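Notes follow the structure.
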Amino acid sequence: MASQGTKRKRDHDSSDTSKPLTTVMEIMENVKNNMNRVTDLNSDEASMNRDIISKISQMDKVSRKKATIGIFGKSGEGKTTLLNAVLGKKDLLPSGCFGACTAVVTQVEANLEDSNYIAEIELFSKEEWGKELEDLFRVLSDESEDNDELFNIAVEKITALYGAGADKKTLEELKKDHKYSEAISKKISKSDVFEFSNDVASYIQHSVSSPGGWYWPLVKSVTIKIPGCLEPLKHVAFVDIPGTGDCNKIRDDKWKSKLRECSFVWIVSDISRAITDREPWGILKHYTKELGPGGKCEHINFICTKTDEIDPKAYMRSARFTTDQLTREQDQEKFCILQRNKHAKMSVKEKFENSNIKKIFSTDNDFQVFTVSSRAFFEPKLNLEPGETEIPKLQDDLRILNENITRELSRDYVNEAKGVLSLIQSVQPATDREMVKMKEKVCMEFEENLMKALNDLDSRLDTIYNVLEQCLSEGVEKSVKLCVASTKAMILTNKRSVLHQTLGALCRNGGCFFSRSRKELLDLNKALAENLHECVEEDFKQILPVSGQTEKSVQEHIDEFSIIQSDSAYFRSSMLSHVLKFIKTEETKLKTSLKKKVVDRKTDIYSSIQTTIENEMASCYKQAAAITGEGSMKAMQELLISTVNEKKQDMFNKAKNEALKKFNDLKLYIKNDLESGLKMSIKLALSQSSTIALMDVSRESEQLESLSVQ
């Protein structure tokens with residue numbers, strides 16, 4: 001070693017005749033292997049090696065990024081068949097795994113562990129289910145005239161789990177029943193899809209004709225992992241969003257949190273009801289803000305299913321077509337299918353254009369309509385070409401999404417590899433005193449640039465803070481004026497749309513209740529937060545977008561941050577040019593990571609407004625839910641109205657201040673992450689010295705440079 005002086009040596013033989021690396025993963029794997037061999041060199045330089053080895057190890061800890069596609073749609077709309085078609089295998093997913101029970105959040109993703117079908121089931125704790133049972137029995141014991149819907153839901157849950165007649169038993173008897181175990185999670189793993197389907201069915205399905213042993217009332221969520229779908233599901237997870245909520249607040253909160261994670265949303269509806277069905281449009285309208293400014297959604301697909309199910313004669317009569325409009329070559333059924341598809345697309349798009357949802361998703365590319373036939377995709381004899389089923393279009397979207405994420409992850413990985421290679425190449429013998437002095441000067445310059453860049457960033461983020469504060473202050477003023485009227489509009493009406501039991505359920509559920517019979521979602525917290533959200537919404541979309549340029553966003557200010565000054569005279573030396581490359585890659589990595597975390601945190605900032613209001617109203621809801629007896633409905637209404645009136649000034653100011661605090665926390669997090677990360681990188685890059693130079697990684701650097709240009 002010593003006899004080689006400072007000459008760099010390659011860690012592989014120059015006669016290596018291995019084939020040129022042609023793929024991203026091959027190049028990166030080769031780089032990783034070469035860098036790992038650094039651990040075998042210079043054992044006397046333990047401290048330096050530990051630093052570099054740490055950087056190498058971090059490369060293997062990059063978390064997998066997944067895009068979540070949320071699916072709205074009732075049971076029977078063809079969601080499972082649609083996904084089987086999009087994933088390319090007819091019997092891939094267990095029948096009925098999506099939409100079987102509207103209360104359970106079901107997620108489907110690839111199994112990366114083995115070749116089995118896996119279900120990971122999250123259950124209620126014993127204490128949580130005990131409270132749920134108490135609420136169900138409270139409903140069963142109430143003999144109010146307007147109790148039918150809640151009564152039926154309570155009977156459905158109890159008999160599904162405990163069997164026929166269980167609703168006639170006492171609460172104590174059911175609590176002793178062994179149907180419920182102490183476990184709060186369960187895992188099912190089977191190699192055969194039909195065996196798997198049978199085992200998982202009891203946790204996501206329900207048979208009225210065969211009650212008992214259906215565990216879905218105990219289930220919060222189910223994650224199904226399927227084998228053989230690495231490519232279509234490599235970076236994608238599908239989540240069945242119940243949309244109809246649940247009388248249980250824990251499960252209700254679960255699906256709302258999943259909703260905020262969705263990058264994309266598919267609304268699935270039978271083509272015959274796509275325009276007239278209130279439920280998908282109503283739920284989408286109600287949760288547009290959770291998807292947009294309060295979430296991560298970039299794109300909505302409205303998917304009309306079962307397009308092959310048509311009565312040609314009936315359709316031609318209703319559409320006033322005649323056989324004269326058909327050419328000899330045209331098939332009557334196919335003609336009707338394609339005409340109805342065309343009309344459905346136009347009608348759905350028109351409805352979207354005229355809705356308030358359009359304000360959140362403002363470009364044509366944010367909303368697309370598909371008319372699909374999953375059955376015809378698998379059965380060509382139905383006289384539709386594969387392209388006419390539009391399944392290939394959805395498959396292309398999924399492929400492009402996976403490719404984009406793969407490209408992003410590869411770019412990040414390659415950039416980090418380039419940085420580590422630059423760090424290795426920057427190591428110089430400690431005997432060069434001139435170089436030591438130059439390193440000290442460069443270190444000081446970097447630290448001065450860092451402080452200046454942080455101060456500039458702080459000033460720009462303070463400007464954003466002031467904009468938010470002004471918007472929220474206007475929202476507080478408006479909310480204080482209108483909150484009592486908003487409360488009365490929801491809980492007082494001559495049409496009796498809010499009945500006694502509905503109001504009681506709303507209070508027990510923390511201010512929110514979905515009526516299955518009316519297909520209507522009542523959310524008093526959302527109504528109270530509406531004016532604050534409305535005043536901040538437009539600026540919030542500009543300040544914290546999921547993607548794109550707004551010229552006002554936090555992410556763009558992070559992009560502008562840099563401690564690299566192009567006019568520095570120190571980077572003319574070969575060694576310091578490697579230092580500069582390392583700092584650049586470290587800076588890029590930090591900024592990329594931060595921009596993703598900003599999107600994650602935006603949901604907390606936006607939702608904190610409603611969460612604060614819900615917390616402020618919590619004791620009132622609890623008190624109102626406990627009111628019983630004659631005149632209880634009027635007493636509940638008066639309590640809710642008086643509480644809102646008494647708390648309004650303090651409550652809305654707290655909501656404003658909590659949102660501002662969360663934004664300020666984000667600002668501090670960004671600054672601290674940049675400062676600590678770059679100080680560590682500066683120290684790492686400029687403190688490395690050795691009695692000898694390390695290995696030669698110039699060839700790997702050239703490969704990565706050429707790769708990054710592609």
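The values are calculated or read from the model by the stated rules, or taken from the named source; none is laboratory data. All values reported here derive from a predicted model rather than from experimental measurement. Cβ coordinates were reconstructed from backbone atoms using ideal geometry, including for glycine residues, and neighbour counts include every protein chain displayed. These area figures cover heavy atoms from the full protein model, side chains too; ligands, DNA and RNA do not enter into them. Shrake-Rupley method; radii C 1.70, N 1.55, O 1.52, S 1.80 Å.
Some observations on this one:
- Candidates are the residues of the stretch 248-285 that are crowded, with 20+ Cβ neighbours inside 10 Å and among the polar types (S, T, N, Q); the one that is nearest to residue 216 (Cα to Cα) is 248.
- Residue match in the stretch 167-184 (condition: hydrophobic (A, V, I, L, M, F, W, C), in contact (Cβ under 8 Å) with a residue 40 or more places away in the chain and farther than 24 Å from residue 128 by Cβ): no
- For the stretch 604-628, filtering for residues that are open to solvent by less than 50 Å² (accessible area, probe 1.4 Å) and more than 30 Å from residue 664 (Cβ to Cβ) leaves 3.
- For the stretch 624-649, residues that are assigned to a helix (DSSP H, G or I) and without any contact (Cβ under 8 Å) to a residue 12 or more places away in the chain total 5.
- Looking across the stretch 589-598, the residues that are under 11 Å from residue 559 (Cβ atoms) and either open to solvent by 60 Å² or more (accessible area, probe 1.4 Å) or of a type in the set (Lys, Arg) (or both) come down to 591, 595.
- In summary, residue 456 fulfils each of the numbered conditions (1) surrounded by 15 or more Cβ atoms within 10 Å (Cβ to Cβ); (2) among the acidic types (Asp, Glu); (3) within 23 Å of residue 556 (Cβ to Cβ) with the single exception of condition (1).
- Output for the stretch 118-137, where each listed residue is open to solvent by less than 50 Å² (accessible area, probe 1.4 Å) and within 23 Å of the chain's Cα centre (by Cα): 118, 119, 121, 123, 124
- Residue in the stretch 539-559 that is nearest to residue 468 (Cα to Cα), counting only those that are free of Cβ contacts under 8 Å to residues at least 40 places away in the same chain and surrounded by fewer than 20 Cβ atoms within 10 Å (Cβ to Cβ): 542
- Meets criteria (part of a helix (DSSP H, G or I), among the basic types (Lys, Arg) and in contact (Cβ under 8 Å) with a residue 24 or more places away in the chain) for residue 439: yes
- All conditions in (1) among the small types (Gly, Ala, Ser); (2) buried (at least 22 other Cβ atoms within 10 Å of the Cβ); (3) at pLDDT 85 or above hold for residue 314, with the sole exception of (2).
- Residue match in the stretch 572-585 (condition: more than 20 Å from residue 673 (Cβ to Cβ), buried (at least 18 other Cβ atoms within 10 Å of the Cβ) and not hydrophobic (A, V, I, L, M, F, W, C)): yes
- Single unsatisfied condition, residue 168 versus (1) at pLDDT 85 or above; (2) under 14 Å from residue 124 (Cβ atoms): (2)
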